Amino acid sequence: MKTIESKKNTAHQKKIVRLYLSDLTKLFRLKRAKKIEHLAVDQFPFDIELLTVSGLYRQSRMQYLNLGGAFNPKVSSMMRSLRAQDLFKDVIDFTPSRDEMVWFYENFESLENHYDQIRALKQFNENSLFHEQNHRIIWRILPPAPIEKEAFRRYLNFAESLVVMLDLALGDALGP
């Protein structure tokens, strides 16, 4: 029984590796507009590409920067990002890992444990600047948060739903 389970795991891991490499290939082929490089966050994977191909992504960035928003290059896992980011401050932490992704992509053939390498890369690259900067923008649009606990919880859920709707709109705009 263990052998069958092991083969399923191996097949699943190979599929994840194949899909990840396919995604990287598509993303590395996207255009990069020089005229908007000033909006890009250095070393954030595919930021300039997303700014180039998506007006929604670009508009969100411009609004965030116009509010005085900033980005802080700091190695940060997804768990830390979810628990430690202050959604009301205009500084967003991100892991500066573009060069690491490029190196992995260019040296893939000579590496071992591809699945483990991808898991390590993803652990520190699942934070979405688009999502986080939209939180900061929405706080400026919404009225002040209520003090009462239940009303405050509903307020946060409403704000999160607006941000998630923008995530979905970006996904629709970018396509498969």
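Here are the numbers:
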quantity: Candidate set: the range 36-78, residues that are without any contact (Cβ under 8 Å) to a residue 40 or more places away in the chain and not in a helix (DSSP H, G or I); chosen: the one nearest to Leu174 (Cα to Cα); calculated: Ala40
quantity: Residue tally, condition free of Cβ contacts under 8 Å to residues at least 24 places away in the same chain, assigned to a helix (DSSP H, G or I) and among the hydrophobic types (A, V, I, L, M, F, W, C), over the range 107-124; calculated: 1
quantity: First in the range 149-176 and within 21 Å of Leu19 (Cα to Cα), second anywhere and among the β-branched types (Val, Ile, Thr), Cβ under 8 Å, 6 or more apart; calculated: Leu174/Val53
quantity: Some residue of the range 47-62 being on the phi > 0 side of the Ramachandran plot, modelled with pLDDT of 90 or more and not aliphatic (A, V, I, L, M); calculated: no
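Here is a yes/no grid of residues against (1) assigned to a helix (DSSP H, G or I); (2) within 14 Å of the chain's Cα centre (by Cα); (3) at pLDDT 90 or above; (4) surrounded by 13 or more Cβ atoms within 10 Å (Cβ to Cβ):
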{"site": "Tyr105", "(1), (2), (3), (4)": "yes, no, no, yes"}
{"site": "Glu126", "(1), (2), (3), (4)": "no, yes, no, yes"}
{"site": "His131", "(1), (2), (3), (4)": "yes, yes, yes, yes"}
{"site": "Asn134", "(1), (2), (3), (4)": "yes, yes, yes, yes"}
{"site": "Ala151", "(1), (2), (3), (4)": "yes, no, yes, no"}
{"site": "Arg154", "(1), (2), (3), (4)": "yes, no, yes, no"}
{"site": "Phe158", "(1), (2), (3), (4)": "yes, no, yes, no"}
{"site": "Val163", "(1), (2), (3), (4)": "yes, yes, yes, yes"}
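The values are calculated or read from the model by the stated rules, or taken from the named source; none is laboratory data. These figures come from a predicted structure and were not determined experimentally. Using ideal geometry, Cβ is built from the backbone for each residue, glycine included, and neighbour counts are taken over all protein chains shown.
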